[in-house]
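Visitor: Submitted below is the structure of interest, expressed as structure tokens.
The values are calculated or read from the model by the stated rules, or taken from the named source; none is laboratory data. Because the structure is predicted, anything quoted here is derived from the model rather than measured. Here the Cβ positions follow ideal geometry from the backbone for every residue, glycine too, while neighbour counts run over all protein chains shown.
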Amino acid sequence: MVNINVTVHQEYLSAIADVADALRARGMQVEQVLEMGFITGSAPNDRLQDLKKVSGVQSVDQELGYQLPPPDEDIQ
């Protein structure tokens, strides 16, 4: 599973709940539906292309993460 952020086309904002339901039907675990046009959650990596095909979806972006080294580690 990877964490993802889905951007919804502006013309679909009034139906964002329907877009979220369609994403769930294709395997996404929806965590938040933000009325401004974003849906966050997670999905199996092999389902991302299917999620991009849902009507109303503008983009599906994998959440990028980073980790700082421990505070006691030498600076490189």
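Visitor: Identify, from the list E31, E35, the residue that is without any contact (Cβ under 8 Å) to a residue 24 or more places away in the chain and within 10 Å of the chain's Cα centre (by Cα).
Guide: E31
Visitor: So which of Q10, Q32, Q49 is within 20 Å of G65 (Cβ to Cβ), in contact with a strand residue (DSSP E or B) (Cβ under 9 Å, 6 or more places away or on another chain), of a type outside the set (K, R) and surrounded by fewer than 15 Cβ atoms within 10 Å (Cβ to Cβ)? Working first, answer last.
Guide: Values: Q10 fails: within 20 Å of G65 (Cβ to Cβ); Q49 fails: within 20 Å of G65 (Cβ to Cβ).
After ruling out the rest, the residue left standing is Q32.
Visitor: Taking G27 as the residue in question, decide whether it is at positive phi and either surrounded by 12 or more Cβ atoms within 10 Å (Cβ to Cβ) or at pLDDT below 95 (or both). Spell out the reasoning first.
Guide: Details: at positive phi: yes; either surrounded by 12 or more Cβ atoms within 10 Å (Cβ to Cβ) or at pLDDT below 95 (or both): yes.
Criteria met by G27.
Visitor: Suppose we keep only residues that are part of a helix (DSSP H, G or I) and of a type outside the set (A, V, I, L, M) within region 1-29. Which one would you say is farthest from K52 (Cα to Cα)?
Guide: S14
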